[in-house]
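K.L.:
Okay, here's the structure, questions in a sec.
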Amino acid sequence: MSTRLDGRKKDDLRPIKIELGVVKSAAGSCYLEWGKNTVVATVHGPRPMFPKHLSNSQRAVVDYRYRMAPFSVSDRKSPVPGKRDKEISLVSGFALESVIMTEKFPNTVINVNTLILSADAGTRVAALTAASLACADAGLPMKGLVSAVAIGRANGDLIYDLTKDEEDAPDAVDTAIAITMPQKEIALLQMDGFVNKDDWKKMVSMGFSAAEKVYALQKNALLEKYPVNGDINE
Ligand code: ADP
């Protein structure tokens, strides 16, 4: 198996480090390092929705925001949210909503803010992985976690967890996949590039196995801060 520019094998993820409860003013928070990506996720609420006409009488609304800090990339990123930030926020919110028991908090809003401090591809999946942990840290009732990862192709190989250099390869395909755990259902799937059917099937199955690795790290981080007897799934 050939090695990649950063020395990883095709199926290696970049190193992931997780810290919970880093923002004391938030109900829950998470700092996550994923290779050269760093992200902070915070959760506030549930709190009454304002303005009221945006509320839902059946459930809480999850207001998810994905933002990149101006200093997160070498060219200054405008702090004004663009189309990309808004699209990522919307679909990530849908993914996260699928594991939160929003029906327990009608007429409220749960604010989830994710800020990318440094970016090297795969930031939306890093943010979602961190956001799901921040929700757990906030003590929100949840059916599970969202474990997200990027899968793709670069220089002819199907690989896990692409760096920015790999994403810029001429034949690059980049797929963001988020899986609900332990249910193992796809909560988000986005693809950039073209791929044949066989490779697509392989990539989805790679996504599931990579998400398991992410989930194991998420569980470890939660168990470290909130020790329980037995498995977290029980
Ligand atoms: P993701 O970070 O989820 O992979 P993209 O594929 O859109 O999302 O972006 C890949 C990478 O490109 C980002 O992680 C970041 O390093 C860089 N990037 C994205 N948007 C910008 C931007 N507006 N300015 C500079 N670099 C950017």
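The values are calculated or read from the model by the stated rules, or taken from the named source; none is laboratory data. A quick note: this is a predicted structure, and the numbers were derived from the prediction, not measured. Methodologically, a virtual Cβ is constructed for each residue, glycine included, from the backbone with ideal geometry; neighbour enumeration extends over all protein chains shown. Surface areas here come from the heavy atoms of the whole protein model, side chains and all, with no ligands, DNA or RNA. Shrake-Rupley method; radii C 1.70, N 1.55, O 1.52, S 1.80 Å.
K.L.:
When ranked by the protection proxy of mean other Cβ atoms within 10 Å per residue, highest first, what sequence do the peptides 64-77, 183-196 form?
P.N.:
Working: 64-77: 16.2, 183-196: 14.5.
My ranking of the peptides, most packed first, is 64-77, 183-196.
K.L.:
Moving on. In percent, what relative contact order does segment 100-234 have, based on Cα pairs under 8 Å that are 6 or more apart in sequence? Walk me through the numbers on the way to the answer.
P.N.:
Values: 186 pairs, mean separation 27.9, N = 135.
Relative CO of segment 100-234 lands at 21 percent.
K.L.:
What's the ranking of 78-91, 108-121 by average number of surrounding C-beta atoms within 10 Å, highest first?
P.N.:
Output ranking for 78-91, 108-121: 108-121, 78-91.
K.L.:
Another one. Taking a cut-off of 20 Å between Cα atoms, list the lysines near residue 24, but don't count ones fewer than 8 places away on the same chain.
P.N.:
Output for residue 24: 225.
K.L.:
Would you mind working out the accessible area per residue for the chain, using a 1.4 Å probe, and quoting it in Å²? Numbers along the way, then the final one.
P.N.:
Numbers: 11580 Å² over 234 residues.
I get 49 Å² per residue for the chain.
K.L.:
Once every Cα of the chain carries one equal point scatterer and solvent is ignored, give the base-10 log of I(q)/I(0) from the Debye formula at q = 0.08, 0.14, 0.18 Å⁻¹, two decimals.
P.N.:
-0.29, -0.87, -1.38
K.L.:
Moving on. In whole Hz, with x marking every Gly and Pro, tabulate ³J(HN,Hα) for segment 130-142 from phi via Karplus 6.51 cos²θ - 1.76 cosθ + 1.60, θ = phi - 60°.
P.N.:
Karplus-based 3J(HN,Hα) across segment 130-142 equals 5, 4, 5, 5, 5, 5, 5, 5, 6, x, 5, x, 10 Hz.
K.L.:
If you roll a 1.4 angstrom probe over the protein chains with everything in place, what fraction of the accessible area of the chain belongs to carbon and sulfur, to the nearest %? Let's see the in-between values first.
P.N.:
On the way: 6230 of 11580 Å².
Carbon and sulfur: 54 percent of the exposed surface of the chain.
K.L.:
Only Cα pairs under 8 Å and at least 6 apart count here; give the relative contact order of segment 22-181 as a rounded whole percent. Display every interim value, and only then the final one.
P.N.:
Details: 371 pairs, mean separation 44.3, N = 160.
Averaging sequence separation for qualifying contacts and normalising by length gives 28 percent for segment 22-181.
K.L.:
Additional query: Given Cβ point charges of +1 (Lys, Arg) and -1 (Asp, Glu) and nothing else, what value in debye, to the nearest 20, does the dipole of the chain about its Cα centre take?
P.N.:
Working: 30 positive and 29 negative charges, 134 e Å.
That gives a dipole near 640 debye.
K.L.:
Show me, for segment 182-193, the HN-Hα J-couplings you get by feeding each phi into the Karplus relation (A = 6.51, B = -1.76, C = 1.60, θ = phi - 60°), rounded to Hz, glycine and proline as x.
P.N.:
x, 5, 6, 10, 6, 9, 7, 8, 9, 9, 10, x
K.L.:
Would you mind pulling out the separation of the Cα centroids of segment 107-164 and segment 19-36, in Å?
P.N.:
One Cα centre to the other: 12 Å.
K.L.:
Return the sequence-ordered ³J(HN,Hα) values of segment 20-26 in whole Hz as given by the Karplus equation 6.51 cos²θ - 1.76 cosθ + 1.60 applied to θ = phi - 60°, using x for Gly and Pro.
P.N.:
9, x, 7, 10, 5, 7, 9
K.L.:
For segment 16-84, what class follows from the C-alpha gyration tensor (a ≥ b ≥ c being the square roots of its eigenvalues): rounded when a/c is under 1.5, otherwise prolate if a/b is larger than b/c, else oblate?
P.N.:
Numbers: a/c = 2.83, a/b = 1.47, b/c = 1.92.
Here segment 16-84 falls in the oblate category.
K.L.:
Next up: Which cross-chain or sequence-distant (5 or more) residues have an amide H under 5 Å from the amide H of residue 37, H modelled 1.01 Å from N in plane?
P.N.:
For residue 37, the qualifying residues are 120.
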